[in-house]
Amino acid sequence: MKTNRRQLMKGALALSALSMASPGRAKAAETTSVTVIGGGLSGLNSALMLKDAGYDVIVLEASDRVGGRVYTADGVETRPEYGASQIGKSYARTISLCERFNLKLIPEHRKLMAMSNYVNGQWVKSTDWEHSEVNKTVGDERKIPPALLSSKILTGLNPLKSLTDWLDPQFSDYDISIYDLFKQHGVSEEAIRLASATTDIHTASALGLLQEKNRGLFDLAFTKDVQEAVDRPYGYGNGKGMSEGLALINNIEGGCSRLPEAMAAALGDSVRTGKMVRKINMSKTGAEVTCMDGSRFKSDYVISALPFSTLQYVSVFPDLQGKQAEGVFKLDYVDTSRAFGIIEEPFWEEDGFEPSFFSDETVQMFWALEKRPDEDKPRFMVVFTDAAASRIDQYSKQKALAVMEAEINRIRPATKGKLRFLDMYGWKNNPMIQGCRHMYSPGQINRFAREIVKPHYRLHFAGEHTRRNDFGMESALESGERAAFEIISLG
């Protein structure tokens, strides 16, 4: 159908009337040197470094808070950490920022009480596990508590020496599932079964987890008491005799959220919360970032510190290509879900088993935590990882907590009436992040791990998923530092 002059004029007048009736509808773009997308540790570190180097920076954060997966639950009794909590002695960037913002580091307060085991419907003390008839593992495996099987066996099979070995093609044969690696090395079926309760052995790349084990050993080298460090289900313990200087593992007094909050405060009004990015358009002369609310930001460069689980929903032009695109759209994000509470009475005095426990049933990990100096009662955490975490998160919070409590009471009747649940948090349910952490699937490190960090036109990449050497909070800062240096080096 042809459009005549009268129709065009009518349409133009209608648009003009709409514009006058809705002043400010088309928002003018703000201009800055660099737009950073994501207000977690990596994005904030990029912005701080760029600001220190004399760049104008704007940070866009979709949620109403900064910190990303650093999240202290200030409104919950005992103020648990929903996400990152451990600061290793070798976390140089993290420690430096804490010093810069006068944040006090204190020895980690998550001291795990001794762990018993509920396997095949029977309780076994850890001290009895090696020689118990319930223990169906073989050889030296029998000496390893069930909760540590995956960690200990991986450590024994780890060929990596330097922090970047995981990216060296000579170790590409390890980019297979943990299950396949264990089978290649004769790990028993029972050890594999028990290990699968705490580790996703079929869908996680062994090479990716070996890198983390290697980085953990590097952290241990920063203390005189390496030989006394205690392995546990979520890393190494603080050991003994660490009265001088920093402990092997530290927390921030008042909660780890104090760090990203201090970083954001130093950036002032450069940090904009409630800004969910929809589009990144780039040209030869610059880039424009558009948010869902219509606000626009023009800059010379853009840093995306978004997890790929979120970046894949952002329109990028020119389009991502090849292995980098595969990484953005295929890299998996796994879940961790934790429930937090208080132990009202020492139930272990009734049944005689150690307070914490591992189970091969619904509740995989119950961590009884020793009292802090300022507390009257011990705390506890119920920990779900990987597929089990995603499954429990499909319940409402109220239903999930009820299921956990009922299951704990069923397998350990002495706990009835002695646990007070406070809260739970599952990272898959956070729409801005959609997972606790990235996890390479078998073969993905070989396919795209080296390429995902490379700049794409005027777009640079940060975030824990782009780490090279580190892990944990330090890896987020490492990645932000790298992205900032990339831009600074362009002059």
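Each reported figure results from applying straightforward, stated rules to the coordinates on display, with no laboratory input. Just so it is clear, the model here is predicted, and its values are computed rather than measured. Counting neighbours? That spans all protein chains shown, and the Cβs are built from the backbone with ideal geometry, glycine included.
Test of understanding: given the chain, find the longest segment containing no GluC sites (Glu not before Pro) that are in a DSSP loop and have at most 15 other Cβ atoms within 10 Å. Write down the numbers at each step before the final one.
Numbers: sites that count: E77, E133, E244, E253, E344, E361, E370, E375, E451.
Formally, the longest exposed-site-free interval is 134-243.
Please give the length that would be gained between A221 and N102 if that part of the chain were fully extended, namely 0.36 nm times their separation in residues minus their C-alpha to C-alpha distance (nm, one decimal).
Details: separation 119, 0.36 × 119 = 42.84 nm, distance 2.60 nm.
Taking 0.36 nm per residue and subtracting the Cα distance, the gain is 40.2 nm.
Computing Rg and the Kirkwood Rh from the Cα coordinates of region 88-226 gives a ratio, Rg/Rh, of 1.04. Applying 1/(1 + (r/R0)^6) with R0 = 56 Å to the Cβ-Cβ distance of K397 and D168, what FRET efficiency is obtained, to the nearest 0.05? Computed FRET efficiency for K397 and D168 comes out at 0.80. Modelled spin-label separation between R79 and V138, with each label point placed 7 Å from Cα along the Cα-to-Cβ direction: 5.2 nm. Here the Kirkwood formula puts the hydrodynamic radius of region 397-488 at 16.8 Å, using every distinct Cα pair.
Taking only DSSP H segments of four or more residues, each worth -39500 (n - 2.57), what value at 222 nm results for the chain once the sum is divided by all its residues, to the nearest 500 deg cm²/dmol?
Working: 14 runs with 142 residues, N = 491.
After summing the helix terms and dividing by residue count, I get -8500 deg cm²/dmol.
Relative contact order of the chain, please, whole-number percent, based on alpha carbon pairs below 8 angstrom and at least 6 residues apart. Normalised by residue count, the contact order of the chain is 24 percent. Look at L160, L209 and count the other Cβ atoms within 10 Å of each Cβ; fewest to most, that gives L160, L209. Pairing the Cα long axis of helix 41-52 with the longest principal axis of the chain, what angle in degrees results, from 0 to 90 and rounded to the nearest 10? It works out to around 50 degrees. Shown for the chain is the translational diffusion coefficient from the Stokes-Einstein equation, using the Kirkwood radius over Cα pairs, a temperature of 20 °C and a viscosity of 1.002 mPa s: 88 µm²/s. Here is the link list: K330/K454; K111/K143; K161/K213. Which ones come out longer than 19 Å on Cα distance? Where the Cα-Cα span goes over 19 Å, the pairs concerned are K111/K143. Given in Å, the Rg to one decimal and the Dmax to the nearest whole number for the Cα atoms of region 19-121 are 20.8, 73.
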